[in-house]
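To start, the structure itself, in structure tokens.
The values are calculated or read from the model by the stated rules, or taken from the named source; none is laboratory data. Given the structure is predicted, the values throughout are model-derived calculations rather than measurements. Cβ coordinates were reconstructed from backbone atoms using ideal geometry, including for glycine residues, and neighbour counts include every protein chain displayed.
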Amino acid sequence: MDNILEIENLRIVFRFDGKVSVPVRGVSFSVPKNGRVALVGESGSGKSLTALAAGALVDRAEISGHIRKNGRIAYIFQNPMQSLNPVMWTGRQIAESNRDADVEGLLEAVGLPRDSGRKYPCQMSGGQQQRVMIAMALAANADLLIADEPTTALDVTTQNEVLDLISRIAAERKMAVLLITHNLGLVARYSRDVNVMYAGEIVEKGTVPDILVSPRHPYTKGLVAAVPRLDAPKNAPLRDIPGVVPPPTDWPAGCAFHPRCPEATPECAQKILERCHGYSRTSDCTR
């Protein structure tokens, strides 16, 4: 198996109060060894749930499809303050995944003082807490690091520091990275391959140049157009995609994006048209 992670036709179903929710439906992608892969989309697209399913961290759901792993997986979540135990020293938390871990050495490797393990999370900044999360991933000797919006609560300068750290350590340790984000600017800098998710499905996938330079699906075009440009005229309005991602209990028929799509035709409510079929650039189309 040449890939660290392979997900094929993943479907996640929740049933509650007589309702059926399908937040992930037919998702397929892979992360190669030492790969840099991004999962991109708005909140509610199913990105985080897909990543959690890869580590068997989804409860009370019907999960079908195939998930194949060829190594250890570690996670970095959006808000480290919620992920770290507030009443335990950070050093003890790092050692939980590996009692033989060199905690002080790991702290030093992520740019923290060696005695930081004797601090509680509340005594650290958000960036320092996220570095502790990275140290925990290193302690677990992970082959794949899933970074789920790892810079959400951080200022811009600290965001760059944390992402540069992840990139450097992943390269040094030959660790694959799956970056989950809505920020295409981060994707352009830190990933090689991109999977664009919308309404529980991957609507387009390809290399970073493919997606950013010549997007095919209207949703991907909207995401690319929404990225602020440094060469834009002063006071130019920021572009956005009107509307919101529909709830997973009520996905639209046909192309799920058609209620928000500027290119939609009546036919889009019935089926996905080839002209905006993002999968057509890849060889592993599951439709």
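Evaluate the following for Arg99: is it out of contact with any Gly (no Cβ under 7 Å at 6 or more places or on another chain), surrounded by fewer than 18 Cβ atoms within 10 Å (Cβ to Cβ) and either in contact (Cβ under 8 Å) with a residue 60 or more places away in the chain or outside any helix (DSSP H, G or I) (or both)? Yes, satisfied. Of all the listed residues (Gly91, Gly111), the sole one being in a loop (DSSP other than H, G, I, E, B), in contact with a Lys or Arg (Cβ under 9 Å, 6 or more places away or on another chain) and either touching a residue at least 40 places away in the same chain (Cβ under 8 Å) or not aromatic (Phe, Trp, Tyr) (or both) is Gly111.
Please work out if Gly117 is free of Cβ contacts under 8 Å to residues at least 40 places away in the same chain, small (Gly, Ala, Ser), surrounded by fewer than 18 Cβ atoms within 10 Å (Cβ to Cβ) and part of a helix (DSSP H, G or I). Taking the combined requirement at face value, the residue does not satisfy it. Among the numbered conditions (1) touching a Leu at 6+ places or on another chain (Cβ under 9 Å); (2) among the aliphatic types (A, V, I, L, M); (3) buried (at least 17 other Cβ atoms within 10 Å of the Cβ), the only one that Ala153 does not meet is (1). Against the conditions (1) within 15 Å of Arg36 (Cα to Cα); (2) touching a strand residue (DSSP E or B) at 6+ places or on another chain (Cβ under 8 Å); (3) in contact (Cβ under 8 Å) with a residue 40 or more places away in the chain, Leu223 satisfies every one except (1).
Every residue, every condition in (1) of a type outside the set (A, V, I, L, M, F, W, C); (2) within 19 Å of the chain's Cα centre (by Cα), yes or no:
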{"site": "Leu57", "(1), (2)": "no, yes"}
{"site": "Ile67", "(1), (2)": "no, yes"}
{"site": "Gln78", "(1), (2)": "yes, yes"}
{"site": "Gln82", "(1), (2)": "yes, yes"}
{"site": "Val87", "(1), (2)": "no, no"}
{"site": "Asp115", "(1), (2)": "yes, no"}
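Contact map, region 33-56: residues that are closer than 26 Å to Pro252 by Cα paired with residues that are small (Gly, Ala, Ser), Cβ distance under 8 Å, separation 6+ or inter-chain. Pairs shown: Ala38/Ser191; Leu39/Ala51; Ser45/Ala199; Ser45/Gly200; Gly46/Ala199; Gly46/Gly200; Lys47/Gly41.
In region 181-197 there is at least one residue that is in contact with a Pro (Cβ under 9 Å, 6 or more places away or on another chain), under 21 Å from Ala54 (Cβ atoms) and either assigned to a helix (DSSP H, G or I) or of a type in the set (S, T, N, Q) (or both). With respect to Ala137, determine if the residue is among the small types (Gly, Ala, Ser) and outside any loop (DSSP other than H, G, I, E, B). The answer is yes for Ala137. Could you tell me whether Met124 is among the aliphatic types (A, V, I, L, M), farther than 25 Å from Ile180 by Cβ and free of Cβ contacts under 8 Å to residues at least 40 places away in the same chain? Answer is no for this residue.
Of the residues making up region 77-110, those that are within 11 Å of Leu138 (Cβ to Cβ) and either of a type in the set (Gly, Ala, Ser) or in contact with a strand residue (DSSP E or B) (Cβ under 8 Å, 6 or more places away or on another chain) (or both) are Ser97, Ala101, Gly105, Ala109. Close contacts from region 5-28, counting a first residue that is at positive phi and a second that is modelled with pLDDT under 95 and β-branched (Val, Ile, Thr), with Cβ to Cβ under 8 Å and a gap of 6+ residues or different chains, come to Asn9/Thr286; Gly26/Thr286.
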